[in-house]
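Worksheet for the structure shown next.
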Amino acid sequence: MTGAVARSDKAQYGVCGFLAIVGGLVIADALRIQHIANSTDPIGPKPVPIVLGVLLLVVAVLYAVDVARGGTGEAEGGEDVDPTSPVDWRTVGLLIAAFAVNLVLIEPAGWVISGAVLFWGSAYALGSRNHLRNLVIAVGLSLTTFYLFAIGLGVNLPAGVLQGIL
Amino acid sequence: MDLLNGFADVLTPMNLLLALLGVTVGTAVGVLPGIGPAMTVALLLPITYGLEPVQALILFAGIFYGGMYGGSTTSILLNTPGESASVVTAIEGNKMARSGRAAQALATAAIGSFVAGTIGTLLLALVAPQVVKFAISLGAPDYLAIMLLAFAGATSVLGSSRIRGIAALLLGLVIGLVGIDKVTGQQRLTFGVPQLADGIDVVVVAVGIFAVGEALWVAAHLRRTPGTVIPVGRPWMGRADWRRSWKPWLRGTAYGFPIGALPAGGAEIPTFLSYATEKKLSKHPEEFGHGAIEGVAGPEAANNASAAGTLVPMLALGLPTNATAAVMLAAFTSYGIQPGPLLFQRESRLVWALIASLFIGNLILLLLNLPLAPAWAKLLQIPRPYLYAGILFFASMGAYAVNAQPLDLVLLLLLGLLGFTLRRFGLPVLPLIIGVILGPLAERQARLALQLSNGHPQGLLGGPLSYLIYALILALLLWPLISKRLPTHTKQPA
């Protein structure tokens, strides 16, 4: 409904492929499990993953049939979503990069640094160019959350290199 | 009597402060564009971590109602609702706001939510103990059947593609499979990673799919010119508005609670039913589509009553039927509370404290929202880069805080990418999250059922009750075929 363009969406076959790969993986993993079954557990840990894997393969095929017949899923809308625009891969890539830096830095450098990098990087990726104000907000947020949650409420957040300083 | 004790446990100055805090933060976050109730609850989980269970529940009840109400404010003032349950509210609510009646739309939504929430919570207090009494007599095969019904209900939401719903459900079930099998100690899908042995934490899944997935998806399609926010004064209603609102509130509640309480219910059906009913009964049918107050009052009440209704299966059976209840269940598990029939017996104080907190949260919400609406409307103008950067920031903080391991952040990112993919291809999110939570429980019940029948497959099917449920499941799954054959249905299949 929301700006769904009347054209076949070939990328959907990728989803079918993904479902089939997951299905194959689940079956392969289940076959590796030793068969353990006894009177208290007649079927053991194997059958459920095998059933799920088979169902995934079946659904992958049915999904592909649906796509071939012209079926499309309606992309999700939202307040800030412009569904007619193409996917902006540059922004998505930069966000993933900012997130990756955060997950690498969180233990060695600590949450205050990694969280600030995450916020600043994400704001940059999303098009905010007021670098100084972004930096102030980023550091302010990560310091506030660290004091409030880690020190105030005892939530697990690492202090990292700033251990002893904060 | 139990409920009075619940109030006695909850009514201390400190707890009231927590309830106020929960409602305020819940509304403030829920009002933000792009953040629905489920994401509000998932993102705000960390603030409940350092508290005692009762206090955490009180804070949580406030967040729950605050997040629900925040979402409807957004849909009235901005249009394009963040979640399917608010679609109907947006239709008439936004039209009212555009024609200068934003204050009345917000007022009827707030008061209607309060009325529906109060009646709904009261019904919850009456019905849940009965459901528990009934649930205690249920055997493993019955539970299995109920869970399969929840799966069927989640995948066959009105008007969406079934095959996509089933695909999402299966992905969720696979995620739920990861970890050590509790019965035999065998590792499944852990690929030798020791941190995966305990499985993927449901909180990480919820935050990844809802928050990170949503932020990435919006970022990919960010509107360069944000929608216009309609300015609003203090909400109020005139006599005519009251006269036109009170019946829709009650009718909406009557639809919302029972349908919400069903294992395959949800909020979409009652809100649509309520809208259709009000349109039919209204003395001003010509106003529908141009901002009829009944079209806001009824669906808003239905939405809130159904939220209270979903708490019945969630608390009494441990069965979440919408995304918010799914996140709530995950939260309760992280406090060491396992919802289900035994919860009412073992920790009845806790249950009644929660129900009492829901009443209080609902009241505070009303008192807070009427005067604060203009302030909430200002939040809608937050610069989008900060909003989505903030979502990623709090999402990664919350996910890390669960187990304090960086691997959870890797999972969070992967799940975020999965959430992005679901949104891109129109796969529904709810079946996935229901699959993650109920999958392991359904497997346990199935194996228990087989154990009781000494491995005889008949044991899986159970007795009369489960036959009835399986008949319902079949009807749900075959509904498109049945409805096609009905004489009134003349629409050509697309």
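For the range B:240-259, indicate whether the set of residues that are within 25 Å of residue B:368 (Cβ to Cβ), in a loop (DSSP other than H, G, I, E, B), of a type outside the set (Gly, Ala, Ser) and away from every other protein chain (no Cβ under 14 Å) is non-empty.
No, there is no match, as no residue in the range B:240-259 is within 25 Å of residue B:368 (Cβ to Cβ), in a loop (DSSP other than H, G, I, E, B), of a type outside the set (Gly, Ala, Ser) and away from every other protein chain (no Cβ under 14 Å).
Residue under question is residue B:431, and the condition is that it be more than 10 Å from every other protein chain (Cβ to nearest Cβ), of a type outside the set (A, V, I, L, M), in contact (Cβ under 8 Å) with a residue 40 or more places away in the chain and closer than 30 Å to residue A:73 by Cβ; does it hold?
Details: more than 10 Å from every other protein chain (Cβ to nearest Cβ): yes; of a type outside the set (A, V, I, L, M): yes; in contact (Cβ under 8 Å) with a residue 40 or more places away in the chain: yes; closer than 30 Å to residue A:73 by Cβ: yes.
It is true that residue B:431 is more than 10 Å from every other protein chain (Cβ to nearest Cβ), of a type outside the set (A, V, I, L, M), in contact (Cβ under 8 Å) with a residue 40 or more places away in the chain and closer than 30 Å to residue A:73 by Cβ.
Residues that are under 24 Å from residue B:44 (Cβ atoms) and under 23 Å from the mean Cα position of the chain (by Cα): does the range A:91-98 have at least one?
yes
Of all residues in the range B:185-205 being at pLDDT 90 or above and part of a helix (DSSP H, G or I), which is nearest to residue A:102 (Cα to Cα)?
B:204
To keep it simple, each residue is scored yes or no on (1) within 14 Å of another protein chain (Cβ to nearest Cβ); (2) at negative phi; (3) among the charged types (D, E, K, R).
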| site | (1), (2), (3) |
| --- | --- |
| B:45 | yes, yes, no |
| B:52 | yes, yes, yes |
| B:55 | yes, yes, no |
| B:67 | no, yes, no |
| B:70 | yes, yes, no |
| B:76 | yes, yes, no |
| B:88 | no, yes, no |
| B:94 | yes, yes, no |
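Answer yes or no: is there a residue in the range B:162-178 that is crowded, with 24+ Cβ neighbours inside 10 Å, away from every other protein chain (no Cβ under 12 Å) and assigned to a helix (DSSP H, G or I).
Within the range B:162-178, not a single residue is crowded, with 24+ Cβ neighbours inside 10 Å, away from every other protein chain (no Cβ under 12 Å) and assigned to a helix (DSSP H, G or I).
Here's the yes/no breakdown for (1) modelled with pLDDT of 90 or more; (2) in a helix (DSSP H, G or I):
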residue	(1), (2)
B:338	no, no
B:359	yes, yes
B:373	no, yes
B:388	yes, yes
B:398	no, yes
B:414	yes, yes
B:420	yes, yes
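Taking the stated definitions as given, is residue B:121 in contact with a Ser or Thr (Cβ under 6 Å, 6 or more places away or on another chain), on the phi < 0 side of the Ramachandran plot and touching a residue at least 24 places away in the same chain (Cβ under 8 Å)? It would help to see each step written out before you state the result.
On the way: in contact with a Ser or Thr (Cβ under 6 Å, 6 or more places away or on another chain): no; on the phi < 0 side of the Ramachandran plot: yes; touching a residue at least 24 places away in the same chain (Cβ under 8 Å): yes.
In short, no.
Quick check on my filter: what residues within the range A:77-127 are in contact (Cβ under 8 Å) with a residue 40 or more places away in the chain and among the hydroxyl-bearing types (Ser, Thr, Tyr)?
Passing the criteria: A:84, A:114.
Go through (1) part of a loop (DSSP other than H, G, I, E, B); (2) within 7 Å of chain B (Cβ to nearest Cβ) for residue A:84 and report which single condition fails.
For residue A:84, the failing item is (2).
Would you confirm whether or not the range B:239-251 contains a residue that is in contact (Cβ under 8 Å) with a residue 40 or more places away in the chain, aliphatic (A, V, I, L, M) and over 21 Å from residue B:94 (Cα atoms)?
Among the residues of the range B:239-251, at least one is in contact (Cβ under 8 Å) with a residue 40 or more places away in the chain, aliphatic (A, V, I, L, M) and over 21 Å from residue B:94 (Cα atoms), which makes the answer yes.
Within the range A:104-121, does at least one residue satisfy the condition of being in a loop (DSSP other than H, G, I, E, B) and not acidic (Asp, Glu)?
Yes, because at least one residue in the range A:104-121 is in a loop (DSSP other than H, G, I, E, B) and not acidic (Asp, Glu).
Given the residues A:126, A:153, which is the only one that is in contact with a Lys or Arg (Cβ under 9 Å, 6 or more places away or on another chain) and within 12 Å of chain B (Cβ to nearest Cβ)? Spell out the reasoning first.
On the way: A:153 fails: in contact with a Lys or Arg (Cβ under 9 Å, 6 or more places away or on another chain).
Within the list A:126, A:153, the selection yields A:126.
Being touching a helix residue (DSSP H, G or I) at 6+ places or on another chain (Cβ under 6 Å), of a type in the set (A, V, I, L, M, F, W, C), facing another protein chain (nearest Cβ under 10 Å) and not in a loop (DSSP other than H, G, I, E, B) narrows it down to one residue among A:95, A:148; which is it? First the steps, then the outcome.
Details: A:148 fails: touching a helix residue (DSSP H, G or I) at 6+ places or on another chain (Cβ under 6 Å).
When all the criteria are applied, what remains is A:95.
Tell me whether the range B:340-362 contains one or more residues that are touching a strand residue (DSSP E or B) at 6+ places or on another chain (Cβ under 8 Å), farther than 21 Å from residue B:261 by Cβ and in contact (Cβ under 8 Å) with a residue 24 or more places away in the chain. Give the steps one after another, and end with the answer.
Going residue by residue through the range B:340-362, those that are touching a strand residue (DSSP E or B) at 6+ places or on another chain (Cβ under 8 Å) are none.
So far as the range B:340-362 goes, no, none of its residues is touching a strand residue (DSSP E or B) at 6+ places or on another chain (Cβ under 8 Å), farther than 21 Å from residue B:261 by Cβ and in contact (Cβ under 8 Å) with a residue 24 or more places away in the chain.
If you take the residues in the range B:423-444 that are of a type in the set (Lys, Arg) and closer than 25 Å to residue B:321 by Cβ, which one is surrounded by the most Cβ atoms within 10 Å (Cβ to Cβ)?
Of the residues in the range B:423-444, the ones of a type in the set (Lys, Arg) are B:423-424, B:444.
When the remaining residues are screened for being closer than 25 Å to residue B:321 by Cβ, the result is B:423, B:444.
Values: B:423: 25, B:444: 16.
Ranking the qualifying residues of the range B:423-444, first place goes to B:423.
Do we find that residue A:73 is on the phi > 0 side of the Ramachandran plot and within 10 Å of another protein chain (Cβ to nearest Cβ) in this structure? Show your work before the answer.
Numbers: on the phi > 0 side of the Ramachandran plot: no; within 10 Å of another protein chain (Cβ to nearest Cβ): yes.
So residue A:73 fails the test.
Any idea which residue in the range A:48-70 is farthest from residue A:15 (Cα to Cα), counting only those that are at the interface with chain B (Cβ under 7 Å from one of its Cβ atoms) and buried (at least 17 other Cβ atoms within 10 Å of the Cβ)? I'd like the intermediate steps shown before the answer.
Residues of the range A:48-70 that are at the interface with chain B (Cβ under 7 Å from one of its Cβ atoms), as a first pass: A:48-49, A:52, A:55-56, A:59, A:62-63, A:66.
Imposing the further condition that a residue be buried (at least 17 other Cβ atoms within 10 Å of the Cβ) reduces the set to A:48-49, A:52, A:55-56, A:59, A:63, A:66.
Numbers: A:48: 23, A:49: 20, A:52: 17, A:55: 15, A:56: 11, A:59: 11, A:63: 9, A:66: 12 Å.
Per the criteria, the residue is A:48.
Restricting to the range B:189-205, name every residue that is surrounded by 24 or more Cβ atoms within 10 Å (Cβ to Cβ) and facing chain A (nearest Cβ under 8 Å).
Selection gives nothing.
Being over 20 Å from residue B:278 (Cβ atoms), modelled with pLDDT under 85, out of contact with any His (no Cβ under 7 Å at 6 or more places or on another chain) and buried (at least 24 other Cβ atoms within 10 Å of the Cβ) is the requirement here; does residue B:57 meet it?
Details: over 20 Å from residue B:278 (Cβ atoms): yes; modelled with pLDDT under 85: yes; out of contact with any His (no Cβ under 7 Å at 6 or more places or on another chain): yes; buried (at least 24 other Cβ atoms within 10 Å of the Cβ): yes.
So residue B:57 passes the test.
Which one is nearest to residue B:104 (Cα to Cα), of the residues in the range B:206-230 that are part of a loop (DSSP other than H, G, I, E, B) and more than 7 Å from chain A (Cβ to nearest Cβ)? Please lay out each step first, then the result.
Going through the range B:206-230, the residues part of a loop (DSSP other than H, G, I, E, B) turn out to be B:221, B:223-230.
Pick out the ones that are also more than 7 Å from chain A (Cβ to nearest Cβ) and you get B:224-225, B:228-230.
Details: B:224: 30, B:225: 27, B:228: 19, B:229: 16, B:230: 13 Å.
Top of the filtered list is B:230.
Against the conditions (1) within 18 Å of residue B:117 (Cα to Cα); (2) at pLDDT below 90, where does residue B:329 fall short? Just the number, please.
All conditions pass for residue B:329, except number (1).
Suppose we keep only residues that are of a type in the set (S, T, N, Q) and either surrounded by fewer than 23 Cβ atoms within 10 Å (Cβ to Cβ) or more than 7 Å from every other protein chain (Cβ to nearest Cβ) (or both) within the range B:383-422. Which one would you say is farthest from the chain's Cα centre (by Cα)?
Here is the first cut: in the range B:383-422, the ones of a type in the set (S, T, N, Q) are B:396, B:403, B:405, B:421.
Still in the running and either surrounded by fewer than 23 Cβ atoms within 10 Å (Cβ to Cβ) or more than 7 Å from every other protein chain (Cβ to nearest Cβ) (or both): B:403, B:405, B:421.
Working: B:403: 25, B:405: 28, B:421: 21 Å.
It comes out as B:405.
Could you go through the range B:226-242 and let me know if any residue there is of a type in the set (Val, Ile, Thr), within 23 Å of residue A:44 (Cβ to Cβ) and at pLDDT below 90. Let's see the steps before the verdict.
Let us first name the residues in the range B:226-242 that are of a type in the set (Val, Ile, Thr), namely B:228-230, B:232.
Filter once more, keeping what is within 23 Å of residue A:44 (Cβ to Cβ): none.
So far as the range B:226-242 goes, no, none of its residues is of a type in the set (Val, Ile, Thr), within 23 Å of residue A:44 (Cβ to Cβ) and at pLDDT below 90.
How about the range B:5-85: which helices (runs of 4 or more DSSP H) wholly inside it have at least 3 residues that are hydrophobic (A, V, I, L, M, F, W, C) and more than 15 Å from the chain's Cα centre (by Cα)?
Numbers: elements: B:13-31, B:37-44, B:53-78.
Where helices (runs of 4 or more DSSP H) fall fully within the range B:5-85 and carry at least 3 residues being hydrophobic (A, V, I, L, M, F, W, C) and more than 15 Å from the chain's Cα centre (by Cα), they are B:13-31, B:53-78.
The values are calculated or read from the model by the stated rules, or taken from the named source; none is laboratory data. All figures in this text were calculated on a predicted structure; none of them were measured in a lab. Positions of Cβ are generated from backbone atoms using ideal geometry, with glycine treated the same way; all protein chains shown enter the neighbour counts.
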